[in-house]
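Written below as structure tokens is the structure these notes are about.
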Amino acid sequence: MNTAYRLLALGCLAPFMAQAQSVSHDRVAPAPHCLDARGVRQVEQQTPMAIAVRDGQGRAYRIDFSAACPGVNEAEELRLEAPAGWACGRPREQVMVDGRACAIGSVIPIDNREFAFTTRESSRQFAATLPGVTVTAKSHHHSNDDAQRRAFQTSSAVCFATRNVRGWSEDPQGVVVETNPRRNGGHRYYRVELASSCSILAGAYEVDFHSGFQNGLICGNPGDRIVMAPSPVAGDLRAGTPRFARPGCDVLAVYPKDAQNTASR
């Protein structure tokens with residue numbers, strides 16, 4: 001789940017909040033695996049024993065708890081408490097979840113693939129806990145900011161928009177999609193993992209992506225597929241076939257690609 005108030009609430013000890021604005025951007029971590037608690041931008045929970053977080057530099061980490069700490073996705077207030085603003089898995093580090101203290105056992109850097117998986121599962125779990133909503137009235141006088149706050153958001157860490165695709169290619173690990181980085185959180189290339197080998201890609205001139213949720217996003221959700229596109233040859237009968245009916249392959253996972261397959265960029 002990507003809720004702005006949750007991400008802003010999690011980040012540093014209260015005594016450090018006043019000085020966080022003036023701190024140098026050249027802070028040096030006490031160890032390579034440590035997370036800068038002042039720069040957390042996204043928090044996701046798939047299992048009660050851990051959370052995944054992403055910092056302001058795009059790096060991803062897994063924070064393992066010493067004991068089960070459920071309820072992060074539904075929490076109203078989160079706070080990461082760590083001496084000197086660095087979370088490394090040392091004593092006295094904890095996450096406060098609506099007033100409950102959850103001791104941190106370890107902090108481990110993770111790659112984009114693991115973060116994307118956790119984010120996707122976290123979003124599904126949170127959506128399953130949402131209460132029913134009855135719409136009784138609609139107003140036509142809303143600001144752009146209001147519309148953005150009410151809109152369901154998704155993360156560029158696990159999805160790309162089909163309208164922003166510029167091209168695709170294959171490499172030994174599978175399919176790589178090029179997108180407009182300005183429209184996808186700064187990410188230009190995405191790794192697309194398929195559920196099985198995909199024969200339609202052999203010699204394909206062009207492919208399309210079909211969104212299982214019909215929202216124009218490819219995230220590895222049920223029904224997300226890479227499908228054959230009509231060829232430029234005149235008389236190709238596929239030209240009139242809708243995407244969902246074309247031969248294709250299921251998309252299993254999506255995450256940003258970089259040289260080291262890490263979250264840094």
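Sorting 78, 194, 252 on solvent-accessible area from highest to lowest, probe radius 1.4 Å, gives 252, 194, 78. Of the accessible area of the range 158-221, computed with a 1.4 Å probe over protein heavy atoms only, carbon and sulfur atoms account for 42 percent. Rolling a 1.4 angstrom probe over the range 75-128 with all protein chains present gives an accessible area of which 53% lies on carbon and sulfur atoms.
What's the carbon and sulfur percent of the range 28-69's accessible surface, probe 1.4 angstrom, rounded to a whole number?
Numbers: 880 of 1640 Å².
Here it works out to 53 percent.
Probing with 1.4 Å while keeping every protein chain in the model, the per residue accessible area of the range 150-227 equals 53 Å². Does anything in the range 166-191 have its amide N under 14 Å from the 7 Å Cα→Cβ label point of residue 197, and if so which residues? What the label zone holds, given the 14 Å backbone N cut-off, is 174.
The values are calculated or read from the model by the stated rules, or taken from the named source; none is laboratory data. Note that this is a predicted model, so its numbers are computed, not measured. Every residue, glycine among them, receives a Cβ derived from its backbone with ideal geometry; neighbour counts consider all protein chains shown. Accessible surface areas use protein heavy atoms only, side chains included; no ligands, DNA or RNA. Shrake-Rupley method; radii C 1.70, N 1.55, O 1.52, S 1.80 Å.
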